[in-house]
Amino acid sequence: MSTKRVRKLGISEYIVQTLNSCSARQPYFDEIYRALPYGSKIVFENIVPFPSQPQIRIIPDNT
């Protein structure tokens with residue numbers, strides 16, 4: 001997280017690139033995402049220099 005590349009990359013751009021990468025690798029990502037209840041969370045388990053490598057977890061809102 002402290003590398004120069006991550007510091008220079010705006011967090012919003014990083015998030016968009018990461019989600020684009022995840023959606024390209026995961027079949028039916030759009031359908032899964034759209035089926036989640038309102039208020040669900042996307043959690044970044046780690047932030048690494050390359051947006052294609054972080055691990056994300058989707059937590060449905062069950063309230």
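Could you quote the convex hull projected area for the stretch 4-58, Cα atoms only and averaged over all directions, in nm²?
Details: hull surface 15.3 nm².
Computing the convex hull of the Cα atoms and averaging its projections yields 3.8 nm².
Work out from phi, with θ = phi - 60° and the Karplus expression 6.51 cos²θ - 1.76 cosθ + 1.60, the ³J(HN,Hα) of each residue of the stretch 42-51, listed in order in whole Hz, and give x for Gly and Pro.
After applying 6.51 cos²θ - 1.76 cosθ + 1.60, I find 10, 10, 8, 6, 8, 10, 10, x, 10, x Hz.
Students often check this: by mean Cβ neighbours within 10 Å, which of 23-36, 41-54 ranks highest, and how do the rest follow?
41-54, 23-36
For ILE56, what residues show an amide H to amide H distance below 5 Å, using hydrogens built from the backbone and excluding near sequence neighbours?
GLU45
Computed from the coordinates by the stated procedures, all read-outs in this text should not be read as laboratory data. From a predicted model like this one, the values you see are computed outputs, not experimental measurements. Backbone-built Cβ (ideal geometry, glycine too); neighbour counts: all protein chains shown.
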